[in-house]
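**Student:** Have a look at the structure that comes next, please.
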Amino acid sequence: MTPVAHFFCWAFIVFLLVLDSRRRASVSAATWIPTLVLLVLSSRSPAEWLGLQSQIMGFANDRSGSLLDQLFFASVIVASLVVARSRGVKWSKVLIANAPIVLFYGYFVMSSIWSTYPLDSLIRVTKDFGATIVVIAVILSEKKPLDALRAVYVRCACVLIPLSADLVRFSPLGKQYARNGDVSFIGAATQKNSFGEMLLIFMIFLVWDHVEARSAAGAKQLWTGMHWDRVLLLLMGIWLLRLSDSQTSFVAMLMGLALMLRTGWLASRKASRLVFGVALSLPVLLLCTQQFSSVFTPILQALGRDATFTGRTDIWHHITFSTVNPLIGAGYWNFWGGPGGRAVATAMGTGIPNAHDGYLDIFLDGGLIGLFLLSCVLVTSGRRLIRDLPIHRYYRLGFAFLVIAIIHNLTESSFARLSALWFTTLLMLVDFPSLRDKLRSASVREPEGSKSRTVRLDPAESPPAAEDAFGVRLRQEIV
């Protein structure tokens, strides 16, 4: 039965990919480069799929790595650079437009100087920057970047959601067993939290893909005209997300969908500023849970968690200003694989792969300076996305993923980590010079069937204004 199930699973995946390729004839073959990268970041490395490296090594902060994985990432980075050059991407403009992100990564390049393992730290930060920013340029430099973006994520969903269902149901590779015998469902990922992260990303993009297709067709009802394969993938995703038992991913998915689909006043800049301010305050509030645990306990219990965040606070208690140099940290990706991380693991009597908090891991890597640079990236990106909300719905999706990243990193660690969520977050945050012009041009033409006219958007929210079908306030002038 198992070989037959695997055969039908792969046949179904091929069918979905062919079906999607026919729907997106305008997307170039170069988009398969970021698609392959996202497939790996969302599931397992090539070495793990081939059984050449254990999943534990891929999850923990090991220094050895795999030659096969290094060759894979080097190949996709070089291929992406070739594609970007052929399209005339001006890297100087891209880097200047994204100065906070460049400074953030530049600081971690410098951190290799004081790292315990300098070469390892330098290789990691170079690979992580190249496998995100350089590969992202392939998507955003397409003639129709939003079509390419949708194709990359939907095609990954067509592969990994059915494959995860097959592995969970018919293969031991889809499960992970604890020492006490408890089983966790991990699908095509390496552990249950990354499994939940994968599902939340793809389910949001499946909904967004439908919203964009629905808008292009002029449909009025939200769920009108959804393709049957999208419905099936969403149902499978809901089932798998429930099996993963990743409450953080579940809450993040609901929040992301709400922020993406909001209309009216909820979609205004004022509401977005309020949401952004609340999200940025949550890391500080989390630090107060020990002092005000009685206030947060009912909320945590409603999410299926206790006041220790399922044991995470035991790790956090071991991280203080004396754990590492509080100003500069231990160097990029060097703490948990170095003396400091081994000391914490010895004190707790168990192996610790990360702090289960993105902010604490940035502190361990780069100290207070690293946290300051991270806050600069988040704040400047949030302000720009809120400013650009009236231009196109794409910026609403970007704002949703920025808030998701802020919330998700309260109990998981993805900031500056080569993962699907960090790749997606950077994709949403990168300010690509030509993208805004393309989106502005696309948003100023009225739907087919109406009298053709061009509309110029004023980024200032001042009356008189009109609302589009998604509640975006626009100021219109006939030009």
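**Student:** For the stretch 373-396, state whether one or more residues are small (G, A, S), open to solvent by 10 Å² or more (accessible area, probe 1.4 Å) and not in a helix (DSSP H, G or I).
**Tutor:** No.
**Student:** Any residue in the stretch 77-101 that is under 17 Å from V125 (Cβ atoms) sitting within a Cβ distance under 6 Å of a residue that is of a type in the set (G, A, S)? List the pairs, counting only those 6 or more apart or interchain.
**Tutor:** Partner pairs satisfying both residue conditions: I77/G130.
**Student:** I'd like the full set of residues that are hydrophobic (A, V, I, L, M, F, W, C) and under 22 Å from D431 (Cβ atoms), limited to the stretch 71-89.
**Tutor:** Of everything in the stretch 71-89, those that are hydrophobic (A, V, I, L, M, F, W, C) and under 22 Å from D431 (Cβ atoms) turn out to be I77, L81, V83, A84, V89.
**Student:** Quick check: anything in the stretch 146-156 under 16 Å from G366 (Cα atoms) and open to solvent by less than 10 Å² (accessible area, probe 1.4 Å)? Give the steps one after another, and end with the answer.
**Tutor:** Step one: filter the stretch 146-156 for residues under 16 Å from G366 (Cα atoms), giving none.
No - not one qualifying residue is present in the stretch 146-156.
**Student:** Something else about it: Just to confirm my filter: which helices (runs of 4 or more DSSP H) fall fully inside the stretch 246-333 and include at least 1 residues that are at pLDDT below 85 and aromatic (F, W, Y)?
**Tutor:** Values: elements: 247-261, 269-287, 293-302, 312-316.
Correct list: 293-302, 312-316.
**Student:** Taking the stretch 235-245, which residues are open to solvent by less than 20 Å² (accessible area, probe 1.4 Å) and either in contact with an Asp or Glu (Cβ under 9 Å, 6 or more places away or on another chain) or at pLDDT below 90 (or both)?
**Tutor:** Of the residues in the stretch 235-245, the ones open to solvent by less than 20 Å² (accessible area, probe 1.4 Å) are 237, 240-241, 244.
If the condition is that a residue be open to solvent by less than 20 Å² (accessible area, probe 1.4 Å) and either in contact with an Asp or Glu (Cβ under 9 Å, 6 or more places away or on another chain) or at pLDDT below 90 (or both), then S244 is the only one that fits.
The values are calculated or read from the model by the stated rules, or taken from the named source; none is laboratory data. It should be emphasised that the depicted structure is a prediction, and the values quoted were computed from it without experimental measurement. Positions of Cβ are backbone-derived with ideal geometry, glycine not excepted, and every protein chain shown enters the neighbour counts. For the accessible areas, the whole protein counts, side chains as well, though only heavy atoms, and no ligand, DNA or RNA atoms are used. Shrake-Rupley method; radii C 1.70, N 1.55, O 1.52, S 1.80 Å.
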